[in-house]
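The structure appears below as structure tokens.
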Amino acid sequence: VAAKAAFEVTNRKQRTDIPIVFIHADSPVENGIIQSYRYSGNHLTGIAVDISEITEKKLEFLLTINPEIKRIGILDAEHISDATVRVKDALMSGIEKFNMTIVKYPVKSKAGPAAVEEVKKVTNAIKKGDIDAFFQMPGPVSGLTEGILIEMTKRLKLPSVWLVATQVEQGGLFSYARDLRAMGEQSASIVDQVLRGIQPQEIPISFAEKSQLVLNLKTAKEIGITFPTSMFDIAEHRIE
């Protein structure tokens, strides 16, 4: 989202002399900000990620915890970001592959106090057995109400997957994402090349090299879930 905005502004202002290094761009060729991964063709370069791959892996982890999971609950906010759209598309493909269904919980309010109250009402109405797991979506409303959503998953003792490690630190069950710190280090190398005078279009697009699985063992114990060894052994961070 940020890379696309920077790309559009610098083009509109005729300031394509300003290099842009993106750190976490999903499918940048398909989203129209570069020509190819080998040669951007413009003043952009950076690190790409594949949201579809990450999303599918999250579903695999949920099934590893409980192979019987079929109904995945999501917060379906009307006030969304581009990232929400891309993750939703990836999720729809993933559930088809794993023979799951999505249960959507609509939220009409924009991010703010009204959205908080609406999400409280929506989550309070969800009963045990309505869904088998919860998948947090990106977006302003979901991010604003993550605490409410975490409490809902605890109340219902649901397996749940979150966007980033900080949400797991707050009580979410687990998260799986590209390692943002490692991507920052990757991007620093690219910035160094740019500052040394190499044009962005001459620097091929990199892909995120490292992913991070974070488990909250305290939450797992609280809701009666035991992480399988296959997840426990590869987790980058375990919260106890």
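How much accessible area per residue does the chain have, counting only protein heavy atoms and a probe of 1.4 Å, in square angstrom? That works out to 51 Å² for each residue.
Short-range pairs are left out: with C-alpha atoms under 8 Å and at least six residues apart, the relative contact order of region 1-115 is 22 percent. If you take the charge dipole of region 133-188 about its Cα centre, with +1 on Lys and Arg Cβ and -1 on Asp and Glu Cβ, which of Tyr176, Trp162, Met152 is farthest toward its positive end? Value: Met152. Under Stokes-Einstein, with the Kirkwood radius over Cα pairs as Rh, the value for region 1-129 at 25 °C and 0.890 mPa s is 142 µm²/s.
By accessible area, using a 1.4 Å probe on protein heavy atoms only, region 1-102 has 49% of its surface on carbon and sulfur. Modelled this way, with points 7 Å down the Cα-to-C-beta line, the labels at His237 and Val85 are 3.1 nm from one another. Taking each of Lys110/Lys221; Lys120/Lys210; Lys58/Lys120; Lys97/Lys221; Lys57/Lys110; Lys57/Lys221 in turn, the alpha-carbon distance tops 27 angstrom for Lys110/Lys221; Lys120/Lys210; Lys97/Lys221; Lys57/Lys110. Within the set (1) 19.2; (2) 20.4; (3) 21.0, the number that Kirkwood radius over Cα pairs in Å takes when calculated for this structure is listed as (1). Near Ile223, once Lys and Arg are set to +1 and Asp and Glu to -1 for all other residues with Cβ below 11 Å from its Cβ, the sum equals +4. Considering region 112-211 at the alpha-carbon level, its Rg and Dmax are found to be 19.0, 59 Å. For Ala2, neighbours were defined as the other residues whose beta-carbon sits under 13 Å from its Cβ, and their charges (Lys and Arg +1, Asp and Glu -1) total -2.
When the chain is treated as a GNM with alpha-carbon contacts under 10 Å, the residue of Phe134, Phe61, Phe207 showing the greatest mean-square fluctuation is Phe207.
The charge dipole of region 49-113, taken about its Cα centre with unit charges on the Cβ of Lys, Arg, Asp and Glu (plus for the first two, minus for the last two), comes to roughly 260 debye.
Where both bridge residues fall in region 84-240, DSSP classifies roughly 40% of the beta bridges as antiparallel. Extension gain for the segment Phe98 to Arg155, taken as residue separation times 0.36 nm less the Cα-Cα distance, is 17.9 nm to one decimal. Could you tell me what percent of the accessible area of region 114-200 is made up of carbon and sulfur, with a 1.4 Å probe and every protein chain present? Carbon and sulfur atoms account for 54 percent of the accessible area of region 114-200. Proximity of backbone amide H atoms, modeled 1.01 Å from N, is registered between Phe134 and Gly73, Ser160, Val161 at under 5 Å, excluding neighbours fewer than 5 places apart on the same chain. Relative contact order of the chain: 22 percent, from C-alpha pairs under 8 Å at least 6 residues apart in sequence. Give the residues of region 26-45 whose amide nitrogen is closer than 19 Å to a point set 7 Å from the Cα of Asp17 in the direction of its Cβ. Flagged as within label range: 42-45.
The values are calculated or read from the model by the stated rules, or taken from the named source; none is laboratory data. Just so you know, these numbers come straight off a predicted model, no measurement behind them. With ideal geometry, Cβ positions are generated from the backbone for all residues, glycine too; neighbour counts draw on all protein chains shown. All accessible areas refer to the heavy atoms of the entire protein, side chains included, with ligands and DNA or RNA removed. Shrake-Rupley method; radii C 1.70, N 1.55, O 1.52, S 1.80 Å.
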